[in-house]
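Report on the following structure.
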Amino acid sequence: MTNNQLIDLAGKYGTPLYVYDGDLIIEKFKAFKKAFKVNDLKIHYASKALTNLSILRLFNKLGSGLDCVSIEEIQLGLKAGFDSQDIIYTPNGVAFEEYEEAISLGVKITVDNISVLEKIGHKYPDLPIFLRINPHLMAGGNTKISVGHIDSKFGISIHQMPMVLRLIKQYNIEVEGLHIHTGSDIIDPDIFGRVAELIFSIADEFENIQSLDFGSGFKVPYKEGDLFTNIEEIGVQFSKMFNDYCKKRGRDLTLRFEPGKYMVSEAGSFLTKVNVIKQTTACTFVAVDSGFNHLIRPMFYNAYHEIENISNPNDDKRMYSVVGYICESDTFAEDRKLNIVHEGDILRFKNAGAYCFSMASNFNSRLKPAEILVLKGQDLLVRKRETLEVLLANQNEVEFDI
Ligand SMILES: *Cc1c(COP(=O)(O)O)cnc(C)c1O
């Protein structure tokens, strides 16, 4: 999308504003699908990245399934039109009651710990399940590229497989699939290959296994020079490994992935207006009409989001610190070069599709921004700006004496 289109949208809907490029989401989905040349591929968009109902509906129309980590995400997915069997539930640390609710809704269930495995075996012996495995793979001693490290809370430890196999035999549990989501970087094909080998070797233990789910970990670039997943390259290597494994088993298995960030990160722009420019002896602060209540990744993960002054794109550049209007430190960027900024200018934060709106809060009693989906040249208001009524809706003003 061009800067002029974004300026127009900021004028039409006001700021702060999230804008999603639906055509780019479609392009990403198609590129992902094309990269894996296997007989049976199923993509489950990880809804927690961006849960807007219209975005979910777009993925549904594209033929995607859904990955949900909470009962609420399942409910949103069903509302958006997904078949329950196209939803895979991969929670962590949730109560057994929530598993039971998900089971009653008919979605695919991923079991992340032995305690739940036993309860399911006891109460739902005929339910086909996925087992989430933690491989504890460390590559080259570099924690940055380690995969499912030993202290990770996710999945069932690979070292506990003997016990898992005992339970499965005891309760006659049907293991439909294996699941692994490490959250780590799928950049190095060698590491990814090692993870796959490990999963194949565990899959050998299950005669009737239908499906292998490799979760996500697909990286996108946030700035120039960033490493990112080359989906075509990974696709070629991975498809070969997977097809070889299917050949070895003598039948086709379903290959599943759960990309979130890859699908929506780059499609999102967050538009803010410059409220105040404050010159100090140390630096020039640019304060925008937002804060970590709307976009927390820079403060939470030290994440880098590229910022552009789209009101003044051709002027000279100066150094600025971009901050929010929240009463708490909320620095979006320090010492950032931007085209000369004036009060009233619109600043665009890039890569604002994944984990941005979905992590927004009402801190400082600020209202959440509106969301716009742009599809085939049309701008669609897919969430209106929050109103004070929403903040008040669940509060009881009780009477008391003190
Ligand atoms: C968060 C999550 C994903 C998506 O991860 P991305 O890095 O956004 O692609 C996939 N699967 C599971 C189980 C997750 O928790």
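Listing for the model above:
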quantity	calculated
On Cα atoms only, tilt of 3-13 relative to the major axis of the chain in degrees	80 degrees
Two-decimal Rg/Rh across the chain, once Rg and the Kirkwood Rh are taken from alpha-carbon atoms	1.01
Cα-projected label distance for Tyr124 with Glu328, points at 7 Å along beta-carbon direction, nm	3.6 nm
Helix axis angle, 161-171 relative to the chain longest principal axis, alpha carbon, degrees	70 degrees
Average accessible surface area per residue within the chain, 1.4 Å rolling probe, Å²	48 Å²
Relative contact order [Cα under 8 Å, 6+ residues apart], the stretch 241-312, whole percent	15 percent
Partner aspartates and glutamates for Lys240 [C-alpha distance under 19 Å; skip if fewer than 8 residues away on the same chain]	Asp40, Asp188, Asp190, Glu197, Asp204, Asp213, Glu232, Asp252
Protein accessible area in the stretch 215-293, 1.4 Å probe - carbon and sulfur %	54 percent
Note, ³J(HN,Hα) from phi for the stretch 80-86, Karplus 6.51, -1.76, 1.60, rounded to Hz, x at Gly and Pro	6, x, 6, 5, 4, 6, 8
Close Lys-Lys pairs in the stretch 1-101, where close means Cα under 20 Å and separation is 8 or more or interchain	14
Dipole axis of the chain (+1 Lys, Arg; -1 Asp, Glu on Cβ), positive-most option in Gly353, Thr387, Leu117	Gly353
Value of [θ]222 nm, deg cm²/dmol, for the chain, DSSP H segments ≥ 4, -39500 (n - 2.57) each, nearest 500	-9000 deg cm²/dmol
Pair Lys30, Leu165: separation of 7 Å Cα→Cβ label points (nm)	4.6 nm
Cα centroid separation - the stretch 58-109 against the stretch 224-243, whole Å	27 Å
Förster radius 35 Å - calculated FRET efficiency between Lys248 and Leu227, Cβ distance, rounded to 0.05	0.65
Folded to 0 to 90 degrees: helix 53-62 orientation relative to the chain principal axis, Cα	50 degrees
Global size of the stretch 57-137 as Cα Rg and Dmax, reported in angstrom	13.0, 39
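The values are calculated or read from the model by the stated rules, or taken from the named source; none is laboratory data. Quick caveat: nothing in here was measured; it's all calculated off a predicted structure. Quick reminder, even Gly has a Cβ in these numbers, built from the backbone with ideal geometry, and neighbours come from all protein chains shown. Quick note on the areas: whole protein, heavy atoms, side chains included, nothing else; ligands and nucleic acids left out. Shrake-Rupley method; radii C 1.70, N 1.55, O 1.52, S 1.80 Å.
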